[in-house]
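Just below is one structure, and these are the notes that go with it.
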Ligand code: SF4
Ligand code: SF4
Ligand code: SF4
Ligand code: FES
C-alpha cells in the first residue's frame, strides 16, 4: 500500500493507483475531461491539475501514479489558477454558443429555442410550460413586449428573425392559458407586494410558486399599474390582463384595491407580513417618503430594512415591460432566499460560450436543421408550427451536461483570454441518423476514437494533423455514419463537450 496526503488528508491506496482515484477514495473531487474509467489515458485537457506542496510542481492527477510520502494540494489558489488557465486554453479555439443569442438577450432568460421546438411539434401546452418557467405573464408580454430577442435572432443572418414574441403569445392562447405551474409545499410565510404593475404581478407569481402566501396592495381601483395607463386597449385588450390575473388568483393571490401604502400603514404591514416587496411606479410619492435606502439590482434589490425589498421604476425607470417582469422575478428570488434563511444574492447566469456573428457559410450549416422561407404570418396552429420550425436551434445540445461549460463556470474562465486571430468556421455534420458532430467544439480528448476502436468499428475515427491543428476525423474522408455504426450513442455520452451529441 502507498501512503500520501492530499489537502492534508491521510490516504492509503494500492500501488499503481492514480492521484485522481486516490483523491476520489476520500471524497476529494478533482475535475476531469479527457479521463474515462476503463480507457487508456492520454492527458490532454489539464483541468485535473494538482500541486506537489514540497516542489510546487503541477501535475495532471489522472496520469500521475501515487508515490509514498506524496503531499499534494488540490484546491489552493495556484491550483485554481492552473485549472482556470487550462480551461481558457480549451476555450481559445472553441466555436459554439452554449445558450442561443435570443435567450441571452431576453431579460427574463426565457428558453426560446426549447419553446420553438415544442411549438414546431404542435405541443403548445409543453411550450407554455417552458415559457412560464421564466415569464409570469406570457399573454400580456405577447402583446406588449419590445422583443429584444428578435433583434439578435440568428435567423436574421439567413432572412428574417423568428417571430418569437407572437409564438410566445400563441403558446398562451392555444393552451387557453389554463396552465398552472407546480407549486412548492405551502410555507407559513406571507409576503406583501405594493404595486400591481408588471413587476409586482410577476413577483407575486414567483412568490406563490415557492409556496408562500401573497397579497397585492394597489392604490388605484383597478389592477395593472402602467398596463392601465400607458398601454391602449388596441395594443392589449382588457381580457388579456383579466385572464392573467385570474391565473394568479387561482394560484392563491389576494388582491387589495384602493389600498395605498404610506407612512401611516407601512409599519403595520411590515408587522403582519414576513416580507414586503415595493414594486410601485415612479409616481408613488408616498412610498418615496418612507425614507428607505434602495440598494438596486446588483445587491439583490435589498433596502436598509432586512424584510423590505424594492424594485419597479422606483429604483430604475423600467421602460421595457419585459425588464420590469424580469425585475419582478428577481425580487421574488431575493425574498424567497430571505424567507428560506439563505444568503440573499442576486442571481447570476452561468458561463456562456459565444462566437459572435454567423458567417455566410455558417448560416447554411445552421439551416441544415431548419426549413427555408421568410417569416410566416401566424393565423392558426399550422402557421405557428411553420414559423417555429424556422428556428435554427442555436443552443448547444450539451447545454446541461458539458464538462467544459461546467469547468468554465467553476473556474470563472475568461473565454477571450487566449483568443488568437480568426476563429475556425463552424460546421455541423448531420449525416448520422442519431448523432450530430460539431468539430469546432471538440477538445481532442480521444475518447471517441478509443471507444470506436475497442468496439471494432470497421472505419472508426482517428486524429489527423499535428499540434494545435490536430483534428478528430473519419479516415479516408468518409462520413460519420460510416465511422460509428454501433458506438454512436456511447461516443455521444462520453464526449465531454457538445462535439458529439445525440440528435
Ligand atoms: S460544447 Fe459546451 S462550452 Fe461549447 S457551446 Fe456546447 S455547452 Fe457550451
Ligand atoms: S434562430 Fe431560434 S434559437 Fe436562434 S436566435 Fe433565433 S429564435 Fe433563437
Ligand atoms: S469528439 Fe471525440 S475527441 Fe472530440 S471531445 Fe468529443 S469525445 Fe473527445
Ligand atoms: S489531463 Fe487529466 S483529465 Fe484531462
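The angle separating the long axis of helix 164-174 from the principal Cα axis of greatest extent in the chain is about 70 degrees.
Against the longest alpha carbon principal axis of the chain, how many degrees, from 0 to 90 and to the nearest 10, is the axis of helix 198-209 turned? Around 60 degrees separate the two axes. Can you tell me the relative contact order of the chain? Whole percent, Cα pairs under 8 Å, sequence separation 6 or more. Answer for the chain is 17 percent.
Quarter the surface of the alpha carbon convex hull of region 24-172 and you get the mean projected area, 13.7 square nanometres.
With respect to the chain, whose longest principal axis is taken over its alpha-carbon atoms, helix 77-92 is tilted by about 90°. Considering region 51-137, its Cα convex hull presents a mean projected area of 10.0 nm².
Entry note, region 190-339: relative contact order of 32 percent, from Cα contacts under 8 Å with a spacing of 6+ residues.
Using the Cβ-Cβ distance between residue 418 and residue 377 with R0 set to 56 Å, the FRET efficiency from 1/(1 + (r/R0)^6) comes to roughly 0.75.
Relative contact order for region 2-87: 36 percent, from Cα pairs under 8 Å spaced at least 6 residues apart, divided by residue count. Both numbers refer to the Cα atoms of region 110-257; Rg and Dmax are 16.0, 53 Å. For region 190-339, the Stokes-Einstein estimate of translational diffusion at 25 °C and a viscosity of 0.890 mPa s comes to 164 µm²/s, using the Kirkwood hydrodynamic radius over alpha-carbon pairs.
Overall size of region 1-89 from C-alpha positions, given as principal axis extents largest first: 36, 30, 21 Å. Extension gain for residue 363-residue 293 works out to 20.3 nm (0.36 nm per residue, less the C-alpha to C-alpha distance). Over all Cα atoms in region 425-502, the spread is summed up by Rg and Dmax: 11.2, 32 Å.
Taking a quarter of the surface of the convex hull around the Cα atoms of the chain, what do you get in nm²? Walk me through the intermediate numbers first.
On the way: hull surface 110.8 nm².
That works out to 27.7 nm².
Applying 1/(1 + (r/R0)^6) with R0 = 45 Å to the Cβ-Cβ distance of residue 121 and residue 256 gives a FRET efficiency near 0.60. Using the Cβ-Cβ distance between residue 463 and residue 159 with R0 set to 41 Å, the FRET efficiency from 1/(1 + (r/R0)^6) comes to roughly 0.60. In terms of packing, defined here as the mean over residues of other Cβ atoms within 10 angstrom, the peptides 160-167, 67-74, 432-439, 326-333 line up highest first as 326-333, 160-167, 432-439, 67-74. A protection proxy built from the mean count of other Cβ atoms within 10 Å ranks the segments 99-105, 142-148, 341-347, most packed first, as 99-105, 142-148, 341-347. The helix-based estimate of mean residue ellipticity at 222 nm for the chain, built from -39,500 (n - 2.57) per DSSP H run of four or more residues and divided by its residue count, is -9500 deg cm²/dmol to the nearest 500. For region 55-103, how big is the tail of P(r) above 12 Å, as a whole percent of Cα pairs? Roughly 75 percent, rounded to a whole number.
Read-outs: derived from the displayed coordinates by stated rules, not from any lab. In this text, all values refer to a predicted model and were calculated from it rather than measured experimentally. A quick note on method: Cβ atoms are made from the backbone with ideal geometry, for glycine too, and the neighbour counts reach across all protein chains shown.
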